[in-house]
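The values are calculated or read from the model by the stated rules, or taken from the named source; none is laboratory data. What you see is a predicted model; the values in this text were computed from it and never measured. A quick note on method: Cβ atoms are made from the backbone with ideal geometry, for glycine too, and the neighbour counts reach across all protein chains shown.
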Amino acid sequence: MLLKLKNVSKIYQMDSIQVKALDNISLEIKKGEFVSIMGSSGSGKSTLMHIMGCLDIPTAGKVIFEGEDVSRLNEAELAKIRNQKIGFVFQGFNLLPRTSALANVELPLIYTHLDNQKKEKKKAAEILKMVGLEKRKNHFPSQLSGGEQQRVAIARALVNNPLIILADEPTGNLDSKTGKEIMEIFQELNKKGNTIIIVTHEARIARCAQRIIKLKDGKIVA
């Protein structure tokens, strides 16, 4: 089992009010699965993704990643797992605007202390080629379409060979045709053995996955 959540709850304190974002969630993600987490705004899906991606820790319950209870780790230990084992793709692309596509993809390699610049560039270029952007590697984000920017973001998520890819509304800023192309990339990656979890509120996007988990009011309802 790659990832397991056991009785996970997350409570946020807002002034004198407690908001329960997740309520006793238990689920398992196997290696090589393609899973969609679906729900309306406020259902808890982004909070769930943050906890699965070691960006946050639960108020109660356990998060077991590769057999280790990561909910007990400190921020430095969580950061190490995020960088070495998890790839993130966000709705807003999160690319550095004054940096080329190639340099954006290279970024995670810097933090893994791969001190050979030639190797970094070669690896980043190979990943960009895989997502169909070989000829656009020296372009800045402002020179790329939304779909191309998201391909760069996917390449950046892949460059460290993560165990799991987490994508939060990856097609949210794209038209339906481009969104379909991005989902086809995720499906191809999954066929190659990548474990992928996508958070979405769109049923047509969720249906691209092998399994759909539906959230409502912080609980799994289907």
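Annotation: S41 fulfils all but one of (1) part of a loop (DSSP other than H, G, I, E, B); (2) at positive phi; the unmet one is (2).
Filter region 1-55 for residues that are acidic (D, E) and touching a Gly at 6+ places or on another chain (Cβ under 9 Å) and give the result. Correct list: D23 only. Scanning region 1-21 for residues that are surrounded by fewer than 16 Cβ atoms within 10 Å (Cβ to Cβ) and not in a strand (DSSP E or B) yields M1, D15, S16. Any idea how many residues of region 202-222 are surrounded by fewer than 16 Cβ atoms within 10 Å (Cβ to Cβ) and within 22 Å of I86 (Cβ to Cβ)? Qualifying residue count for the region: 2.
Residue-by-condition table, conditions (1) farther than 28 Å from G146 by Cα; (2) free of Cβ contacts under 8 Å to residues at least 12 places away in the same chain:
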position	(1), (2)
H50	no, yes
V70	yes, no
N74	yes, yes
V89	no, no
F93	no, no
P97	no, no
A101	no, no
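Residue-wise test of (1) crowded, with 19+ Cβ neighbours inside 10 Å; (2) on the phi > 0 side of the Ramachandran plot; (3) in contact (Cβ under 8 Å) with a residue 60 or more places away in the chain.
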{"residue": "K85", "(1), (2), (3)": "no, no, yes"}
{"residue": "V105", "(1), (2), (3)": "yes, no, no"}
{"residue": "F140", "(1), (2), (3)": "no, no, no"}
{"residue": "L166", "(1), (2), (3)": "yes, no, yes"}
{"residue": "G172", "(1), (2), (3)": "no, no, yes"}
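Consider region 57-77. How many of its residues are in a loop (DSSP other than H, G, I, E, B) and touching a strand residue (DSSP E or B) at 6+ places or on another chain (Cβ under 7 Å)?
Applying the first criterion (in a loop (DSSP other than H, G, I, E, B)) to region 57-77 yields 57-59, 66-67, 73-74.
Next, only the ones that are touching a strand residue (DSSP E or B) at 6+ places or on another chain (Cβ under 7 Å) stay: 58-59.
The number of residues fulfilling the criteria is 2.
Tell me whether region 125-132 contains one or more residues that are of a type in the set (A, V, I, L, M, F, W, C), assigned to a loop (DSSP other than H, G, I, E, B), modelled with pLDDT of 90 or more and surrounded by 15 or more Cβ atoms within 10 Å (Cβ to Cβ). Yes; the residues of region 125-132 include at least one that is of a type in the set (A, V, I, L, M, F, W, C), assigned to a loop (DSSP other than H, G, I, E, B), modelled with pLDDT of 90 or more and surrounded by 15 or more Cβ atoms within 10 Å (Cβ to Cβ).
Of all residues being without any contact (Cβ under 8 Å) to a residue 12 or more places away in the chain and either of a type in the set (S, T, N, Q) or part of a helix (DSSP H, G or I) (or both) in region 185-203, which is nearest to K31 (Cα to Cα)? Just the residue, please. Working first, answer last.
Going through region 185-203, the residues without any contact (Cβ under 8 Å) to a residue 12 or more places away in the chain turn out to be 188, 191-192.
Remaining after also requiring either of a type in the set (S, T, N, Q) or part of a helix (DSSP H, G or I) (or both): 188, 191.
Details: E188: 16, K191: 12 Å.
This residue is K191.
Checking each residue in region 22-52 for being modelled with pLDDT of 95 or more, surrounded by 21 or more Cβ atoms within 10 Å (Cβ to Cβ) and small (G, A, S) picks out only S36. The single condition among (1) free of Cβ contacts under 8 Å to residues at least 40 places away in the same chain; (2) within 28 Å of D175 (Cβ to Cβ); (3) under 14 Å from the mean Cα position of the chain (by Cα) that L55 does not meet is (2).
To keep it simple, each residue is scored yes or no on (1) over 19 Å from the mean Cα position of the chain (by Cα); (2) among the hydrophobic types (A, V, I, L, M, F, W, C); (3) assigned to a helix (DSSP H, G or I).
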residue	(1), (2), (3)
Q84	no, no, yes
F88	no, yes, no
G92	no, no, no
L96	no, yes, no
E106	no, no, yes
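Filtering I81, I57 for residues that are among the β-branched types (V, I, T) and within 24 Å of F186 (Cα to Cα) leaves a single hit, I81.
Quick one: is L166 of a type in the set (A, V, I, L, M, F, W, C), over 15 Å from F88 (Cβ atoms) and not in a helix (DSSP H, G or I)?
Numbers: of a type in the set (A, V, I, L, M, F, W, C): yes; over 15 Å from F88 (Cβ atoms): no; not in a helix (DSSP H, G or I): yes.
The answer is no for L166.
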